[in-house]
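Please read the structure below before turning to the comments.
Laboratory data are not the source of any read-out in this text; all were calculated from the coordinates shown. Treat the numbers as computed from the prediction; the structure is a model and nothing was measured. When we count neighbours, we look across all protein chains shown, and the Cβ atoms used for this are built from the backbone with ideal geometry, even at glycine.
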Amino acid sequence: MRVTASGWIAIAGLALATVPFFKPPAFYETFLYLVFYWIVLATSWNILSGYSGYFSFGHGAFFGAGMYTTATLSGRYDWAFLWTLPAAALVAALFGTAIGAVVFRVGRLRGELFALLTLAVTFVLATVVLNTRIDGGQGVNLGGVALPAIGPTPSATFYFLALALTVITLWTARGIYQARLGTGLFAIHDDEDVAEVLGVPTLRYKLVAFGVSCALAGVAGGIHAMFVSYVTVGETFSIIVPLTVVLMSVLGGTRHWLGPTVGATIITGLVYAFTAGDYAIAGRAAVGLILVVVILFMPNGVLGRFAGRSRTPTRAPDANRTAPAAARSTAPAQTRQQRQGEILLDARGVSKAFRGVQALDRVDLQVRRGEILGLVGPNGSGKSTMINVVSGHFLLDSGRIAFGDREVSGMAAHRIAHAGIARTYQIPRPLAHMNVLENVALPAMFGRNSLGRIDAEREARDWLEFTGLAGKADALPDDLNLHQRKFLELARALASRPSLLFLDEVLSGLTPSEIDNAIATIRAIRDQGATIVFVEHVMRAVMELADRIVVLNYGRVIAEGLPQDVMQRPEVVTAYLGKPHA
Amino acid sequence: MPSFTLLAQSVLSGIFIGALYGLLGLGLSLTWGMLRQINLAHFALAFLGAYLTFQLTHGAGWDPLATLLVVVPCFFLLGASMHWLFARFAITPFNSLLVTFGLTVIVESLIQWIWTADQRLMDSAYGAVRFKLGALYVPLPELLTLVLAVALSLAAWAGLRYTDLGRAMRAAAEDAPIAAAFGVNERSLSLLLSGISAAFAGVAGLCIALSFTLAPSQIYAWIGVVFAVVMIGGLGNPIGPLVAGIVIGISESLTMALTSPAWAPLVSFSLLIVVLLARAKKI
């Protein structure tokens, strides 16, 4: 029988649980306690920061919130120690989620700015704790609090508590890594806008990850409060906790659930080995040097360098079920015939301004079910803005957009994706750390149909077949040429099975023969039942494909109608070529 | 309510401490804003400079200001070679934070090894000198700090704004490949800029040695508030850190005078949070 990673975690946990029964000297248990403690802190940090790329420097705040929760409840209100731990988790999680709810909503605050913001939160919390009754400046002494006798000795008790928390933390980290949540977080890491457009509920996922991360850090803090038995602000909220945690995770590899464990074990071991001897100062210097060398030579961490990609292996489709997608989706064609011509998307009076520029000025746009609508106009006429507004990337200033019988204006982009609208980007925006298959499976998992991973990958393989990328399934997007990246965009938009598909200049930059290919592909997509709006400058393709054309200029609709008819109108010719002065 | 004199004295001391924040922030802000490197080691360099000043003044009997003749060129070379290392490995902004943290730990250990973890206080000819300005006391070391901070900030500003070299630096910071296409030697300019930033750290070190007790662990005490100053002042802006530093310095010392010293960090970090959130909206 094959043992899963969760099984291995349990086995390792049980094996380690026997250690105290060999009655080792207490300092072994204490050393291992510290290893577990750092594993929990680093791994919990990694759940938000490593997976989603929101590097937090505020882990000390959440750890400290847990520490002071336990200190206050057990020291002042005489709660039993073990009961303070869930409270510590809750307080830390609520605190983190509240901060996340503000920070994540305000804007895209990432990278060093997010790191600084969370660090500032730490210092604010520290000041408040120091100056209020929670600490009062003297620190909290927990010497009188009874420690439950879980193990034969106090050090064994701490050992068991930390071990249990480590097992829970690793299960959680691994579970999230494998689950939709993890996939969504990794997509956020690579490109948050794209993730949202593909259907990932980014705000909710970040908040959940933040909450889980803080809860685990809170429990670790609660246990550690009892372990140190004397809690002070200076020790708790120092910059050392967040920096060490980041260092451990980066050293081990932030893109793997086991990375922080590797890093925490190495660093704790090294620090112990050096500081235990007479070379404490040299030890610190050595840790600093290791950090420098590791970041310079292994920017992706130990696991990033030595372990391959280890997500659930995906099976290639069976030989007998590689029927092209087109063959499988003929069913909706019947209903399509009946409902042809009904209005699918109805945008009325849509306006959007960027500072002084009126990108869209009271635009009315109707898209009928089953048609191919060409949206054309000179550069800067508002075509891409229109796509961004409909797909929910920009909020519109005024007007309303109805899709089917639902109002989609003002909806979050991932809910619009769920409703059945998909788009491509003019400049392909693949998720750089996911391979081609994972890129295409993502919208199948998160889009309209919300398939499980296995089904989503099967669906993705169909669309890779359809777009001619089947041979590249395992390649990373960086290894593709422009033509292939454009088709990856297309496959990704199609994999959610949209009823309305926006194509933003999919043909630009392609060679004439590639364009012929692409035109055939777009026709095939429509024949499967999707309605298509395509923005394009390649006029040959527009004339060949479009059933109807809408022309934008300076954010206004200046013409609408059949292709041959519209493109000959004087105002359209003027918009493209300028006024004839001859 | 404290007396007027007390309030005025705390505003004055706020300006002085703020000038030091600004001086420490200046080099940090320039490398962060223009080279996209978050240099934690800036603080370690400042303290290394402070200890060197201490050593030369105490051990060799130099005038504290004369130590700049040694510290500034050495630190220039140190800063430039650090940048050479970062450029050689094409390091990302976030990883620069981690690498420079590693360097900080190394420097801290070095300081501890040479000068031990004991607190050191430099006695210099300047230490005891104080002027009286009306009812207010003006200590000479703090005044020196203010003068140096203002002079260096203005020099950096004017250099970036009015010299060809400064213009080229700004162009390279905006868009390195385009600047390179117009003949800007981006590599040597960034070496120059990092060297200058490190030299600024050396000067800040002199100011720290003049007014503060030195201990290796003090390196970390400055990071939070100076980061706040740099962010509020605007990355890459040579005047911003000084202005933001003085604003924070004054609000801190007023908080100390009106409530208790322990509340002081609340002001700077709340300000930082507000600035970050306000800025995020614009992005």
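Exposure proxy ranking for A:Met67, B:Met231, based on other Cβ atoms within 10 angstrom of each Cβ and starting from the fewest, stands as B:Met231, A:Met67.
Only DSSP H runs of four or more residues enter the estimate; each adds -39500 (n - 2.57), and after division by the residues of chain A the mean residue ellipticity at 222 nm equals -18000 deg cm²/dmol. Partner shielding of A:243-250 amounts to 3, given as the average count of beta-carbon atoms from other chains within 10 Å of each residue beta-carbon. Between the helical axis of A:81-106 and the dominant principal axis of chain A, each derived from Cα atoms, what acute angle in degrees is found, rounded to the nearest 10? That works out to roughly 30 degrees. For the range B:127-145, list residues with backbone N below 11 Å from a point placed 7 Å from the Cα of B:Ser3 toward its Cβ? Inside the label zone: B:135-136.
Length gained on full extension, A:Val102 to A:Glu407: 107.1 nm, using 0.36 nm per residue less the C-alpha separation.
For the residues of A:235-241, the average number of beta carbons from a partner chain within 10 Å of their own beta carbon is 1. Counting Cβ atoms of other protein chains within 10 Å of each Cβ in B:222-235 and taking the mean gives 2. Pairs of Lys residues in the protein assembly as shown that lie 8 or more places apart, or on two chains, and have C-alpha atoms under 26 angstrom apart add up to 10. Seen from all directions on average, the range B:4-282 presents a Cα convex hull projection of 15.6 nm². Between the Cα long axis of helix A:202-228 and the first principal axis of chain A there is an angle of about 0°, rounded to the nearest 10. Relative to the current alpha-carbon distance between A:Ile427 and A:His537, full extension at 0.36 nm per residue lengthens the span by 38.2 nm.
Site pair A:Glu342 and B:Thr259 shows an inter-label distance of 6.2 nm when each label is modelled 7 Å from Cα along Cα→Cβ.
Report the label-to-label distance for B:Ala66 and B:Ala117 in nanometres (one decimal), using points 7 Å from each Cα along the Cα→Cβ vector. My value for the distance between the label points is 3.5 nm.
Relative to the longest principal axis of the Cα atoms of chain A, helix A:240-252 runs at roughly 60 degrees.
Highest-first packing order for the peptide set A:494-502, B:69-77, B:269-277, B:101-109 is A:494-502, B:101-109, B:269-277, B:69-77, based on the mean count of other beta carbon atoms within 10 Å.
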